[in-house]
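Worksheet: one structure, shown below.
Laboratory data are not the source of any read-out in this text; all were calculated from the coordinates shown. Values in this document were obtained by computation on a predicted structure and should not be read as measured data. Here the Cβ positions follow ideal geometry from the backbone for every residue, glycine too, while neighbour counts run over all protein chains shown.
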Amino acid sequence: MAGVRPVRRDEEPSQPTAGEDHGPHVLREYALLADGHRGALVGPDGNVGWLCAPGWADPAVFSSLLGGRGEYLVTPANPRFVWGGHYEPGSLVWVSRWVTTDGIVECREALVFPGEPRRIVLLRQIHALDRDAVVRVRLDPRADFGREPLREAHRDGRVWTARCGGLHLRHSGGERLDLTADGALRGQLRVPAGGRHDMVLEIATHPPDGAPPEPGELWRTTERSWRESVPALAGGGAQRDVVFAYAVLRGLTRPGGGMVAAATTALPERALAGRNYDYRYAWIRDQSFAGRAAALVGRYDLLDDAVAFLTDRLLADGDHLSPAYTVDGAPVPRQQELPWLPGYPGAPARVGNWVRDQFQLDAFGEALLLLAVAGRHDRLDDASWRALELAVRVVGDRWRQPDSGVWELPPRQWTHSKLLCVAGLRAAARVAPAALAGRWSALADVVLADAAAHGQHPSGRWQRAYDDGRVDAALLLPGVRGALPDGDPRTEATRRAVLADLECDGYLYRFRPDPRPLGDAEGAFLLCGFAAALAAWQAGDAVAATRWFERNRAACGPPGLFTEEYDVQQRQLRGNLPQAFVHALMLETALTVGQAAPCRPTG
């Protein structure tokens, strides 16, 4: 902070006019800041282009990602720079780095962790590494996806306070910022060589009380909390990425609640194809993936959060369990478009999700798999045991019905859904008392017999649906999850058929939606690529397992974040960012195939 001064008018480099757009960028260039209650995306220019407030599924206050006017820019005033950055180990503390023709500038940034439900604290710390640095700052919060500008802005010394929609803001360290005619705070700072400057932005549903927080203490709290929350891992070539994947899952999970599928909404899977969805909600399936991965790590906070969320939802909704909820268990809002936003190029802006009205049978199988894992680790209380028994009853009552399946398609008799329930029933039987175990195993046998009668292809493999003889990459998972005994020939026949039809350049597609070549209709699914690695490992092919793992692990940008789809031809990320269940399955795969291992205490 010491030594920071404003820039004289005759020193100012050329700069854009007020209101200049700073996005969007290709998805591979965005970094994530998250604190469990919300997430922010930071672009390569130093702009926070996405942040919902106060929670994951609330309207965005920074929405330039979708064409809204809200932004928070910290960037070198010298436009001649190249960008880079990295996460500090075992955390979601991001360091942007700009090498300019005048020197090197870094900006360290984080959401204070752990976060508070109704208050956001965003930290930004500018470092001038080798020479004096001139940095341009623009703070332009716009609540309700860009429709509510700042009002009642007031400066008291180095602190600005203001209102924005129904939110209260306080910004510390902005004494050199001025209020512009278009309602933004804007200015420039000169940071001396070797110096730093801290800025703290608070956004809350209530007025700020007390003195502005001290940046150093906020940083120490955040650093300590990440160290305590993210486990150490050892061995293998993927150690850093696996630790980071756990940090992403932790950052996307509301403490004691659900984990969002992604921090964003409406980012297109395919340009102009109408396939863009709101993923700022907690899918039942995703909780299962994350909880299983956390159990392999040997840390039970994420496992316990997933179990608690599923337990509450199963006991509350029973056979009307929705595929997805808000992170605090409320229904997902119905889908609607935001016509005042241009949207990310290639798709309109929209919020809400029609998945709330679907029946997905495999979600009950996933719930059983998660609860069984928790049972093996003695992490189930009485309520969770009741939830497990309830899930078994629902499977018994509804397994014959058509459902929308793992890919959320029109209801059919999806073979994957039946087999996932078989896997879940068998896993539950292994942790149940003998009297229940026998009945649950018998039910698994009945469901499996029906799938074999109607969902088995004449060639001896599983087929996509009872009325669809094609393959589907989702059919790799039931074998991995234990639906069939080791060595069952249908598992290997299915794996070979899936790879033969859906593999391209080391990536795997879900299925063929139409006669076009792979890649024309949609991108490869990274979840399926990691499933292929697990299936190869189960088949005893360690080389293929490692090859699948490494190929799909590379399908990210410099920050290391995955989306749901990967455009193989253009080497671009597609869909919402970051996709939680891809990080979860990458973590599980790395631990399974030996690319990382939990650190065990010695002595």
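Overview of results
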read-out	value
Phi to ³J(HN,Hα) by Karplus 6.51 cos²θ - 1.76 cosθ + 1.60 over segment 366-382, Hz, x for Gly, Pro	5, 4, 5, 4, 5, 5, 5, 4, 4, x, 5, 9, 6, 10, 9, 8, 4
Cα centroid separation - segment 107-133 against segment 224-247, whole Å	21 Å
Rel. contact order, % - alpha carbon contacts under 8 angstrom, at least six apart, segment 9-227	18 percent
Distance cut-off 34 Å, percentage of C-alpha pairs in the chain lying past it	41 percent
Packing-based exposure ordering (other Cβ within 10 Å, fewest first) of Ser96, Ser225	Ser225, Ser96
Under 12 Å, Cβ to Cβ, from Asp357 - net charge with Lys/Arg +1 and Asp/Glu -1	+1
Footprinting exposure proxy for Thr205, Thr264, Thr101 (fewest neighbouring C-beta atoms within 10 Å first)	Thr101, Thr205, Thr264
Contact order normalised by residue count of the chain, Cα under 8 Å, 6+ apart, percent	13 percent
C-alpha long axis of helix 526-538 to longest principal axis of the chain, angle in °	40 degrees
Separation of alpha-carbon centers, segment 283-348 and segment 383-417, rounded to whole Å	17 Å
Residue order, fewest to most beta carbons within 10 Å, for Asp132, Asp278	Asp132, Asp278
Net charge contributed by nearby residues that have their C-beta within less than 11 Å of Ala367 (K/R +1, D/E -1)	0
Alpha-carbon Debye profile of segment 477-532, log10 I(q)/I(0) at 0.13, 0.28 Å⁻¹	-0.35, -1.13
Stretch gain in nm, segment Ala542-Arg470, where the contour uses 0.36 nm per residue and the Cα spacing is subtracted	23.2 nm
Over segment 264-335, volume per residue of the alpha carbon convex hull, in Å³	111 Å³
Amide H contacts of Ile120 (H built 1.01 Å from N, under 5 Å, at least 5 apart or other chain)	Ile203, Ala204
Selected from Gly194, Ala453, Ala434, residue furthest toward positive end of dipole (the chain; charges at beta carbon)	Gly194
Segment 28-75 shape via C-alpha gyration tensor axes, a/c threshold 1.5	oblate
Using alpha-carbon coordinates, inclination of helix 434-454 to the longest axis of the chain, degrees	90 degrees
Protection-proxy order for peptides 305-316, 578-589, each taking the mean of Cβ atoms within 10 Å per residue, highest first	578-589, 305-316
Helix 580-592 vs. the chain, principal-axis angle (Cα, 0 to 90°, nearest 10)	60 degrees
Shape category assigned to segment 488-562 from the gyration tensor of Cα positions, a/c cut at 1.5	oblate
